[in-house]
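Student: Before we start, here is the structure in question, set down as structure tokens.
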Amino acid sequence: MAPLPTDNLTAVLYGINDLRLEQRPIPKPNDDQVLLQMEVVGICGSDVHYLVHGRIGPFVVEKPMVIGHEASGTVVGVGKNVKHLKPGDRVAIEPGEGCRKCNYCKEGRYNLCLEMSFCATPPVDGNLSRYYVHAADFCFKLPDNVSLEEGALLEPLSVGVHACKRGGVTTGSVVLVLGAGPIGLVTLLSAKAFGASKVIITDIVENRLETAKKLGADHTLLIQPNDKEEVIIKRIIDALGCEPTVSMDCSGAETSVRVAIQATRSGGVAVLIGMGKSEMTLPLASALIREVDIRGVFRYVNDYPTALDLVATGKVNVKPLITHNYKMEDTLKAFDTSRTGAGNAIKVLIHANPNRKL
Amino acid sequence: MALLTKSTRLNKLYWKNVLSNLLFRNIRVTFSFPRNSLHYGGVRQIIEKSKDKKKIEPKRNFNNIEEMVILAENNDVLPRFEEKASFNFSDNLSAVLYGIGDLRLEQRPLPKYSEKEVLIATECVGLSKADINFISKREYKNYVLEKPLILGHEASGTVAEVGCKVTKFRPGDRVAIEPTIPCRICEWCKKGRFNLCPDIYFCGMPPSNGTLSRFFAWPEDFCLKLPHHVGFDEAALLEPLAVAHHACKRGGITVGSKVVICGSSPIGILSMLCAKACGATNIIVTDTKSDRLRCANTMGANNIIFVKKSAKDDHLTKEILEALGGQAHVCLECSGSPQALRISAEITKPGGTIVLVTPSPFGTAIQTKCLEEEIDIRGVLNYCNNYQNALDLIATGRLDFTSMITHDYKLTDIMQAYNVAKTGRAIKILIHTNPKWIPSRRRNY
């Protein structure tokens, strides 16, 4: 039998701008869990936010917390009750596990569970380490044609899928996506996969729109930061030839949300994904008298299998989103790149398996 | 008394639960342990500390459990418990089915319960069609009786003891149970349709033991606390009410709906009440038995139609359409009769829904009319996230079905109850498993 592994290098956030790599004991899986050798972990804007600000809203980093939640790994051990996975399987990891007992969980909306245990949301540890245990039913086996890098990208893609479901995007939909960051781009990819006939994407940065064009946006619109709302809305409608039926704000900027509500056709839906200020001044009268529904999006629920299907069948190509790859030892550099956006960074990946070539 | 492990110690919730359990037990408890005992670590501290101080008169009167816990935590006194008999834990009489017609009453050991479960002293259990079928035929739907089984799943009772991690209940709470427990990890459970879970645990259905005993254990999140004004007998019928509520939701019954309910069985009558609560304005109930129709009438059906054995399809259709003033939005098929299935497409509007609540032993032939007129045919399997809604319907007074309960029997008279059920005279029979139950009014006829 091979000697038991001992190296469990882990990225731990101690406080603001205090991210350290240290050894931690290798966890043991319980009967319903699997032990995973972590392969690829992507950096999300929320991970960077915890590093820079030490908190997001009510979630505060009070004690040292392992960072990272967009991950894929290889199964190395299974609990007694696990039947659908075996050692050697490559899996994508859905980082949030509900309590399974409350009404939200039982009604099929476990993303709203009040006792949700989500990786890298304090006080729950994340999975940027060499080894990690997770509930087996939240690990999804990757078919042979899906790489571990794409497996890690299923996490942001699931957000895009959930947003499109909340918006009711389908064939015939005309979609406006505001913001071409990673979330805007996965929302664009999902909208096209859901059958939207036209998708326009806006941003204030030119090179992001170039990537969006490559990923299949029908129209792109560069917005100057000081443009008036009416001008922006007119340009959107001119480019599309009609008002959008679904608007998806992926930036969190107040102007963006205001445009999303006003630009949407009567009877349409404005989906709010990006997180910005907690209090905003919004044109609700416009939404009210035109019956425009405003719907929030929080993570995803039962969307990982859908996202995996989209990638496995080739309907969605997430590879262009991967711009930087780092070894785990260079985690601090990776976070720097992600934070500054240097080199047109979109998605920065950290490779936690030392035996696998970058 | 359970052994205290290092991890439980003087955990406040644990002590609250354990001590409250002890209050209801028919035993006296004193804290006296051998000096070298390694167990009861937390309590040992109480003894050690009390030895240091001068002799303290142990306090015998506690105002409530919280006070007792605080005193125990602060190691001020040595708690003593008075004898208090609330439940007789040595009597767990259960109705066990061994084979066709072979229902025996025997004592069973008190069920063990895990940290998130409660032990319930059963009060009332409704006798369902499933139980009757098991006794007479050994099978129901696709469940077959292989080993001796305790029957019963429509239950309500009082919480006798709680597991150490239970937060929602205390001994003495009055509860009803939701008898199906899903696996919680499969696709259906996570999507909110846990009634479709392939590994669902259904008590009272083989091979899982049911609730026709004096005590049984159940997970806390599938128990519902009853408000003061909801009686145990209404609560025992929450199960068929939840099925009826689920059926109404599946049918999309809403304000202004016109509904036809084929079959005035308990499920049919409850569906009629639920449809009314959902806002349906015109509800017709049909059946082949006049006494069941009379019950539906007294409980508020807009119209009842007696179906003669020799009734022809088109004649029956005409009668229903006249009574309803047109076609129905929703047809709830609760009888399993082939005639009801045949005419359901005629009596439902194009774009309407036919809900199949009761499986037909004769199979189901789909009319091509349903396809041409876009009439949806939807099945019903148990219930899913309906229990609290059903309880609210009773608690807010929107539903009163106590007149549906026609017979009450003690647990020891269960064979008598079964014989009455076989004759078809009864609508709903309740078995009272509380040994202290005395019939309050003569209902049996």
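Student: What is the residue count in segment A:182-214 for residues that are in contact (Cβ under 8 Å) with a residue 12 or more places away in the chain and either farther than 17 Å from A:Ile322 by Cβ or not assigned by TED's automatic domain parsing to the domain that holds A:Val246 (or both)? Show your work before the answer.
Tutor: The first filter runs over segment A:182-214 and keeps only residues in contact (Cβ under 8 Å) with a residue 12 or more places away in the chain, leaving A:182-209, A:211-212, A:214.
Narrowing the set further to residues that are either farther than 17 Å from A:Ile322 by Cβ or not assigned by TED's automatic domain parsing to the domain that holds A:Val246 (or both) leaves A:187, A:190-206, A:209.
Summing the residues that are in contact (Cβ under 8 Å) with a residue 12 or more places away in the chain and either farther than 17 Å from A:Ile322 by Cβ or not assigned by TED's automatic domain parsing to the domain that holds A:Val246 (or both) in segment A:182-214 gives 19.
Student: Right, another one. Quick test of your reading of the structure: A:Arg166 fulfils all but one of (1) open to solvent by 20 Å² or more (accessible area, probe 1.4 Å); (2) more than 19 Å from the chain's Cα centre (by Cα); (3) over 20 Å from A:Asn325 (Cα atoms); (4) away from chain B (no Cβ under 13 Å). Name the failing condition by number.
Tutor: Every listed condition holds for A:Arg166 apart from (2).
Student: Shifting gears a bit: Which residue pairs have Cβ atoms closer than 6 Å, lie 6 or more positions apart in sequence or on different chains, and pair a first residue in segment B:306-324 that is at positive phi with a second residue that is open to solvent by 100 Å² or more (accessible area, probe 1.4 Å) and at pLDDT 90 or above?
Tutor: none
Student: Would you please name the residue that is nearest to the other protein chains (Cβ to nearest Cβ), looking only at residues in segment A:104-114 that are under 23 Å from B:Trp218 (Cα atoms) and open to solvent by 40 Å² or more (accessible area, probe 1.4 Å)?
Tutor: If we take residues in segment A:104-114 being under 23 Å from B:Trp218 (Cα atoms) and open to solvent by 40 Å² or more (accessible area, probe 1.4 Å), then A:Glu107 is nearest to the other protein chains (Cβ to nearest Cβ).
Student: Considering each of A:Gly45, A:Gly79, A:Gly68 in turn, give the residue that is of a type in the set (Gly, Ala, Ser), over 22 Å from A:Glu155 (Cα atoms) and touching a helix residue (DSSP H, G or I) at 6+ places or on another chain (Cβ under 9 Å).
Tutor: A:Gly79
Student: So, in segment B:157-168, of the ones that are closer than 19 Å to B:Leu238 by Cα and open to solvent by less than 10 Å² (accessible area, probe 1.4 Å), which residue ends up farthest from the other protein chains (Cβ to nearest Cβ)? Talk me through it step by step, then tell me what you get.
Tutor: As a first pass, look at segment B:157-168 and keep what is closer than 19 Å to B:Leu238 by Cα: B:157-159.
Okay, now just the ones that are also open to solvent by less than 10 Å² (accessible area, probe 1.4 Å), so B:157, B:159.
Details: B:Gly157: 21, B:Val159: 17 Å.
Checked segment B:157-168; the qualifying residue farthest from the other protein chains (Cβ to nearest Cβ) is B:Gly157.
Student: Separate question: So which residues in segment B:224-266 are open to solvent by 10 Å² or more (accessible area, probe 1.4 Å) and assigned to a loop (DSSP other than H, G, I, E, B)?
Tutor: B:Leu226, B:Pro227, B:His228, B:His229, B:Gly231, B:Gly252, B:Ile253, B:Thr254, B:Val255, B:Gly256, B:Ser265
Student: Please return the ranges of helices (runs of 4 or more DSSP H) entirely within segment A:257-358 where 1 or more residues are under 25 Å from A:Gly167 (Cα atoms). Please lay out each step first, then the result.
Tutor: Values: elements: A:284-289, A:304-312, A:331-340.
It comes to A:284-289, A:304-312.
Student: Considering each residue of segment A:136-163, count those that are polar (S, T, N, Q) and open to solvent by 10 Å² or more (accessible area, probe 1.4 Å), and give that number. So that I can check it myself, show each step before the final result.
Tutor: Taking segment A:136-163 as the starting set, the residues that turn out to be polar (S, T, N, Q) are A:145, A:147, A:158.
Next cut, open to solvent by 10 Å² or more (accessible area, probe 1.4 Å) only: A:145, A:147.
Qualifying residue count for the region: 2.
Student: Given (1) of a type in the set (A, V, I, L, M); (2) part of a loop (DSSP other than H, G, I, E, B); (3) within 21 Å of A:Asn302 (Cβ to Cβ), where does A:Val186 come up short, assuming only one miss?
Tutor: Here A:Val186 meets the rest and fails (2).
Student: When you scan segment B:171-216, how many residues do you find that are more than 14 Å from chain A (Cβ to nearest Cβ), assigned to a strand (DSSP E or B) and under 13 Å from the mean Cα position of the chain (by Cα)? Give the steps one after another, and end with the answer.
Tutor: Filtering segment B:171-216 down to residues more than 14 Å from chain A (Cβ to nearest Cβ) leaves B:171-177, B:179, B:201-216.
This time we only want the ones that are assigned to a strand (DSSP E or B), so: B:174-177, B:201-202, B:213, B:215-216.
Checking the rest, the ones that are also under 13 Å from the mean Cα position of the chain (by Cα) come to B:174-177, B:202, B:216.
Of the residues in segment B:171-216, 6 are more than 14 Å from chain A (Cβ to nearest Cβ), assigned to a strand (DSSP E or B) and under 13 Å from the mean Cα position of the chain (by Cα).
Student: Now a separate question. If B:Asn303 satisfies every condition in (1) within 21 Å of B:Thr254 (Cα to Cα); (2) in contact (Cβ under 8 Å) with a residue 40 or more places away in the chain; (3) open to solvent by 50 Å² or more (accessible area, probe 1.4 Å) but one, which is the exception?
Tutor: Failed condition: (2).
Student: Determine if segment A:172-180 includes at least one residue that is farther than 25 Å from A:Glu291 by Cα and buried (at least 20 other Cβ atoms within 10 Å of the Cβ).
Tutor: Taking segment A:172-180 and keeping what is farther than 25 Å from A:Glu291 by Cα, we get A:180.
Still in the list and also buried (at least 20 other Cβ atoms within 10 Å of the Cβ): A:180.
Yes; the residues of segment A:172-180 include at least one that is farther than 25 Å from A:Glu291 by Cα and buried (at least 20 other Cβ atoms within 10 Å of the Cβ).
Student: Sort out for me the strands (runs of 3 or more DSSP E) sitting completely within segment A:1-103 that have 3 or more residues that are open to solvent by 10 Å² or more (accessible area, probe 1.4 Å). Write out each step before concluding.
Tutor: Details: elements: A:9-15, A:18-23, A:33-42, A:70-78, A:90-93.
Qualifying strands (runs of 3 or more DSSP E): A:9-15, A:18-23, A:33-42, A:70-78.
Student: For segment A:96-147, which residues satisfy the criterion of being hydrophobic (A, V, I, L, M, F, W, C) and within 23 Å of A:Leu321 (Cβ to Cβ)?
Tutor: In the first step, residues of segment A:96-147 are kept if they are hydrophobic (A, V, I, L, M, F, W, C); the result is A:99, A:102, A:105, A:112-114, A:116, A:118-120, A:124, A:128, A:133, A:135-136, A:138-140, A:142, A:146.
Hits for segment A:96-147 are A:Phe118, A:Cys119, A:Ala120, A:Leu128, A:Phe138, A:Cys139, A:Phe140, A:Leu142, A:Val146.
Student: Inspect segment B:241-248 for any residue being in contact with a Phe, Trp or Tyr (Cβ under 7 Å, 6 or more places away or on another chain) and over 30 Å from B:Lys349 (Cβ atoms) and give the result as yes or no.
Tutor: Among the residues of segment B:241-248, not one is in contact with a Phe, Trp or Tyr (Cβ under 7 Å, 6 or more places away or on another chain) and over 30 Å from B:Lys349 (Cβ atoms), which makes the answer no.
Student: When you check B:Thr288 against the structure, is it surrounded by fewer than 21 Cβ atoms within 10 Å (Cβ to Cβ) and in contact with a Gly (Cβ under 6 Å, 6 or more places away or on another chain), yes or no? Before you say what the answer is, go through the steps one by one.
Tutor: Values: surrounded by fewer than 21 Cβ atoms within 10 Å (Cβ to Cβ): yes; in contact with a Gly (Cβ under 6 Å, 6 or more places away or on another chain): no.
Answer is no for this residue.
Student: Test of understanding: among B:Thr286, B:Thr211, which residue is among the hydroxyl-bearing types (Ser, Thr, Tyr) and either free of Cβ contacts under 8 Å to residues at least 60 places away in the same chain or under 17 Å from B:Phe401 (Cα atoms) (or both)? Explain how you work it out, then say what you get.
Tutor: Values: B:Thr211 fails: either free of Cβ contacts under 8 Å to residues at least 60 places away in the same chain or under 17 Å from B:Phe401 (Cα atoms) (or both).
Every option except B:Thr286 fails the conditions.
Student: Among the residues of segment A:301-339, count how many are more than 14 Å from every other protein chain (Cβ to nearest Cβ) and either over 17 Å from A:Asn145 (Cβ atoms) or open to solvent by 30 Å² or more (accessible area, probe 1.4 Å) (or both).
Tutor: Just the residues of segment A:301-339 that are more than 14 Å from every other protein chain (Cβ to nearest Cβ), to begin with: A:307, A:310-339.
Restricting the remaining residues to those that are either over 17 Å from A:Asn145 (Cβ atoms) or open to solvent by 30 Å² or more (accessible area, probe 1.4 Å) (or both) gives A:313-315, A:317, A:319-339.
Going through segment A:301-339 one residue at a time, the tally reaches 25.
Student: While we're here: State which residue is nearest to A:Lys101 (Cα to Cα) when the search covers only segment B:122-139 and only residues that are in a strand (DSSP E or B) and open to solvent by 10 Å² or more (accessible area, probe 1.4 Å). Break it down stepwise before answering.
Tutor: Just the residues of segment B:122-139 that are in a strand (DSSP E or B), to begin with: B:122-127, B:139.
Right, trim to open to solvent by 10 Å² or more (accessible area, probe 1.4 Å) and you get B:123, B:127, B:139.
Working: B:Glu123: 25, B:Leu127: 28, B:Glu139: 31 Å.
Once the filter is applied, the top-ranked residue is B:Glu123.
Student: Specify which of the listed residues (A:Val124, A:Val133) is away from chain B (no Cβ under 14 Å), in a loop (DSSP other than H, G, I, E, B) and open to solvent by 20 Å² or more (accessible area, probe 1.4 Å).
Tutor: Working: A:Val133 fails: in a loop (DSSP other than H, G, I, E, B).
Criteria check complete, one pass: A:Val124.
Student: Follow-up. Keeping to segment B:383-418, report how many residues are surrounded by fewer than 21 Cβ atoms within 10 Å (Cβ to Cβ), within 14 Å of chain A (Cβ to nearest Cβ) and assigned to a helix (DSSP H, G or I).
Tutor: Residues flagged as surrounded by fewer than 21 Cβ atoms within 10 Å (Cβ to Cβ), within 14 Å of chain A (Cβ to nearest Cβ) and assigned to a helix (DSSP H, G or I) within segment B:383-418 amount to 3.
Student: Next up: So B:Glu154 ticks every box in (1) open to solvent by 10 Å² or more (accessible area, probe 1.4 Å); (2) more than 11 Å from chain A (Cβ to nearest Cβ) but one. Which box is left unticked?
Tutor: The single condition B:Glu154 does not satisfy is (1).
Student: Tell me which residues, restricted to segment B:332-382, are among the aliphatic types (A, V, I, L, M), under 22 Å from B:Lys289 (Cβ atoms) and part of a helix (DSSP H, G or I).
Tutor: Step one: list which residues in segment B:332-382 are among the aliphatic types (A, V, I, L, M), which gives B:332, B:340-341, B:343, B:345, B:347, B:354-357, B:365-366, B:371, B:375, B:377, B:380-381.
Filter once more, so that each one left must be under 22 Å from B:Lys289 (Cβ atoms): B:332, B:340-341, B:343, B:347, B:355-357.
Scanning segment B:332-382 gives B:Ala340, B:Leu341, B:Ile343, B:Ile347.
Student: Only residues that are away from chain B (no Cβ under 14 Å), over 20 Å from the mean Cα position of the chain (by Cα) and charged (D, E, K, R): list them for segment A:23-72, please.
Tutor: If the condition is that a residue be away from chain B (no Cβ under 14 Å), over 20 Å from the mean Cα position of the chain (by Cα) and charged (D, E, K, R), then A:Arg24, A:Lys28, A:Glu62, A:Lys63 are the ones that fit.
Student: Filter segment A:246-275 down to residues that are hydroxyl-bearing (Ser, Thr, Tyr) and over 13 Å from A:Thr187 (Cα atoms) and give me whichever is surrounded by the most Cβ atoms within 10 Å (Cβ to Cβ). Break it down into steps so the answer makes sense when it comes.
Tutor: At the first step, the residues of segment A:246-275 found to be hydroxyl-bearing (Ser, Thr, Tyr) are A:247, A:251, A:255-256, A:264, A:266.
Adding the requirement that they be over 13 Å from A:Thr187 (Cα atoms) leaves A:255-256, A:264, A:266.
Details: A:Thr255: 20, A:Ser256: 23, A:Thr264: 27, A:Ser266: 12.
Per the criteria, the residue is A:Thr264.
Student: Is it true that some residue in segment B:194-202 is of a type in the set (D, E, K, R), surrounded by fewer than 17 Cβ atoms within 10 Å (Cβ to Cβ), at pLDDT below 95 and more than 17 Å from B:Ile429 (Cβ to Cβ)?
Tutor: Looking through segment B:194-202, at least one residue is of a type in the set (D, E, K, R), surrounded by fewer than 17 Cβ atoms within 10 Å (Cβ to Cβ), at pLDDT below 95 and more than 17 Å from B:Ile429 (Cβ to Cβ).
The values are calculated or read from the model by the stated rules, or taken from the named source; none is laboratory data. In this text the structure is predicted, and so the values were computed from the model without any measurement. We place every Cβ from the backbone using ideal geometry, glycine too, and count neighbours over all the protein chains shown. Calculation scope for accessible area: heavy atoms of the full protein, side chains included, ligands and nucleic acids excluded. Shrake-Rupley method; radii C 1.70, N 1.55, O 1.52, S 1.80 Å.
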